[in-house]
Structures are given as structure tokens and as C-alpha cells.
Amino acid sequence: MAMNPAQRRYVGRMIPVSIAYVAAIFLASSLVPNGSPATPLTVAVALVPGLAVVGFIWAMGSYLFELKDEYVRLLEVRKALIATALTLGVCATWGILEIYTNVPRLAIFWVFPIWCVGLAIGGLVNRLTLGAGGGCP
């Protein structure tokens with residue numbers, strides 16, 4: 001299936017942001033040991049992967065803004081809503097478990113990866129409910 005121009009630009013943004021994210025995680029993991037004191041240097045190094053996450057969010061928002069096809073935009077928004085519902089449900093439920101039981105703490109780092117899993121589930125929902133036309137990036 002051929003990509004529309006907005007999809008090509010989206011992929012063109014996501015590839016370098018993904019590479020930067022993985023590199024920043026490796027860099028931060030190698031330079032800042034777990035439990036390091038929060039100095040200006042350790043905080044600066046630890047924040048670099050977060051900048052890549054902001055890049056992901058910018059790329060996704062730009063994609064939605066640039067989409068000319070309202071139907072495809074609807075499918076992408078549906079994926080985002082499913083991802084948001086899953087993320088809020090998991091985080092709220094786990095947070096309640098943390099309050100009342102001794103389950104391990106869920107690091108806030110995991111909120112964005114949970115949301116990304118939700119995007120994949122949203123894409124699957126689109127495909128299953130709408131047929132082959134529901135699978136967008």
C-alpha cells in the first residue's frame with residue numbers, strides 16, 4: 001500500500017526521533033548509574049531521552065495536523081483515544097493497587113510505552129472493525 005505525503009513525512013520524522021531515543025537511553029544508562037544523586041549533570045543527561053519523547057509527540061501531532069483525508073484522521077484519533085483509555089485505565093488501576101497493597105511501584109517512565117502499546121491495540125481495533133482500510137501508521 002502506498003503512503004500518502006503526510007505518512008511519508010511522519011515516517012521521516014519518526015525514524016530519526018526513534019534513533020535519537022534509543023541512543024539517548026543507552027547514553028543515559030551508561031553515564032548515570034541507578035540511584036545517582038540529582039546533580040545538574042545527571043539531571044541533564046537523564047532528561048535527553050525525554051526530549052526524544054517530546055519529539056515523538058510532536059511527530060504524531062504534526063501527522064494529525066497534516067492529514068488531508070478526514071477518514072484517515074478519524075482512524076488515527078480513534079487509535080489515540082484507545083491508547084489514552086488504556087493508559088489511564090492501567091495507571092489508575094495500578095496506582096490504586098499501590099495505595100492499598102504492596103505491589104511494586106510502577107515507574108512513571110512506563111506511561112508513554114503503555115500509551116504506545118495502546119496505539120498498536122488501537123490500530124488492531126481499526127483493522128478488525130473496519131477491514132484492510134483501518135491500518136494506518
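Nothing in this text is a laboratory measurement; each read-out follows from the coordinates by a stated rule. What you see is a predicted model; the values in this text were computed from it and never measured. Here the Cβ positions follow ideal geometry from the backbone for every residue, glycine too, while neighbour counts run over all protein chains shown.
Karplus couplings for the range 80-85 from phi (6.51 cos²θ - 1.76 cosθ + 1.60, θ = phi - 60°), rounded to Hz, Gly and Pro as x?
5, 5, 5, 4, 5, 4
To the nearest 20 debye, what charge dipole does the range 36-84 have about its Cα centre, counting +1 at the Cβ of each Lys and Arg and -1 at the Cβ of each Asp and Glu?
In total the dipole reaches around 100 debye.
Give me the dipole magnitude in Debye, nearest 20, for the chain about the Cα centre, with unit charges on the beta carbon: positive for Lys and Arg, negative for Asp and Glu.
Value, rounded to 20: 220 debye.
Only Lys, Arg, Asp and Glu count, each charged at its Cβ (+1, +1, -1, -1), so figure out the dipole size of the range 69-137 about its Cα centre, rounded to 20 debye.
80 debye
Roughly how tilted is helix 5-31, in degrees to the nearest 10 and between 0 and 90, from the longest Cα axis of the chain?
10 degrees
Placing +1 on the Cβ of each Lys and Arg and -1 on the Cβ of each Asp and Glu in the chain, which of Val43, Pro104, Gly55 has its Cα farthest towards the positive end of the resulting dipole?
Of the options given, the answer is Gly55.
Please give the helix 111-130 orientation as an angle from the longest Cα principal axis of the chain, in degrees from 0 to 90, rounded to the nearest 10.
Compared with the principal axis, the helix lies near 20 degrees.
With axes computed from alpha carbons, what is the tilt in degrees of helix 40-66 against the longest principal axis of the chain, rounded to the nearest 10 within 0 to 90?
Orientation of helix 40-66: about 10 degrees from the principal axis.
What is the chain by shape, rounded, prolate or oblate, if you read a ≥ b ≥ c off the alpha carbon gyration tensor as root eigenvalues and call it rounded for a/c under 1.5, prolate for a/b larger than b/c, and oblate otherwise?
It comes out oblate by the Cα gyration axes.
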